[in-house]
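Peer 1: Okay, here's the structure, questions in a sec.
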Amino acid sequence: MAELPRPNPSEEGQPFWDFLKEGELRIQRCTSCAKFRQPPQPMCADCGSFDAEWVRLSGKGTIHSYVITRQPIHPALVDRVPFLTVQVALDEGPHLTSNLTDVGPDDVAIGMPVTLDIVDKGDGLILPLFRRA
Ligand code: ZN
């Protein structure tokens, strides 16, 4: 059976995955102007600063947008369609994209409250996945 491709983070994105392994959702934030940088970037697009910190967030938010995937785009997804990919507006402001695990395509809705679970999929793979709050 085919395996899903694993996350392959950039140098700037690696801390996101390292914090997940510690059980924490952290998003990069500019220490100069306090704007979140998601996805992580070496330089702030708002003020040009190279300084940043990783801020712990609650994982709570609401669905801002979603996509229903009905055609398997990878051999490992043949038995997993349909599935939902959601863009969540986290309560603290930044958006995070991942899968919604416990809601079907007929029940998803913009504005639905969700919360993040940090899920150990085995073999060193830790994924941030959303479920209905
Ligand atoms: Zn900035």
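Peer 1: Just to be sure I understand the model, the point goes 7 Å from the Cα along the line to the Cβ. What's the resulting ASP117 to ILE68 distance in nm?
Peer 2: Result for the modelled spin labels: 2.2 nm.
Peer 1: Over segment 42-133, what percent of the accessible surface lies on carbon and sulfur atoms, probe 1.4 Å?
Peer 2: Details: 2570 of 5210 Å².
Result for segment 42-133: 49 percent of the exposed heavy-atom area is carbon or sulfur.
Peer 1: Taking the Cα-to-Cβ direction at TRP17 and at ALA34 and moving 7 Å from each Cα, how far apart do the two end points lie in nm?
Peer 2: With each label placed 7 Å out from Cα toward Cβ, I get 3.2 nm.
Peer 1: Run down the lysines and flag those whose C-alpha is under 17 Å from the C-alpha of LYS60, throwing out any fewer than 8 positions away in its chain.
Peer 2: LYS60 reaches no qualifying lysines.
Peer 1: Now for a separate question. From the C-alpha coordinates alone, can you work out the Kirkwood hydrodynamic radius of the chain, in Å? Spell out each step's value before the answer.
Peer 2: On the way: mean 1/r = 0.0629 Å⁻¹.
Hydrodynamic radius (Kirkwood, Cα only) of the chain equals 15.9 Å.
Peer 1: Further question: Can you tell me, using C-alpha contacts under 8 Å and at least 6 residues apart, the relative contact order of segment 39-93 as a whole percent? Write down the numbers at each step before the final one.
Peer 2: Numbers: 56 pairs, mean separation 19.5, N = 55.
The normalised contact order for segment 39-93 reaches 36 percent.
Peer 1: Can you show me the helix-derived [θ] at 222 nm for the chain, built from DSSP H runs with n ≥ 4 at -39,500 (n - 2.57) apiece and divided by the number of residues, rounded to the nearest 500. List each step's numbers first, then the result.
Peer 2: Working: 1 runs with 8 residues, N = 133.
One gets -1500 deg cm²/dmol as the mean residue ellipticity at 222 nm.
The values are calculated or read from the model by the stated rules, or taken from the named source; none is laboratory data. Model, not experiment: these values are computed from the prediction. No Cβ is skipped: glycine too gets one built from the backbone with ideal geometry, and neighbour counts run over all protein chains shown. Remember, those area values only see protein heavy atoms, side chains included, never the ligands or the DNA or RNA. Shrake-Rupley method; radii C 1.70, N 1.55, O 1.52, S 1.80 Å.
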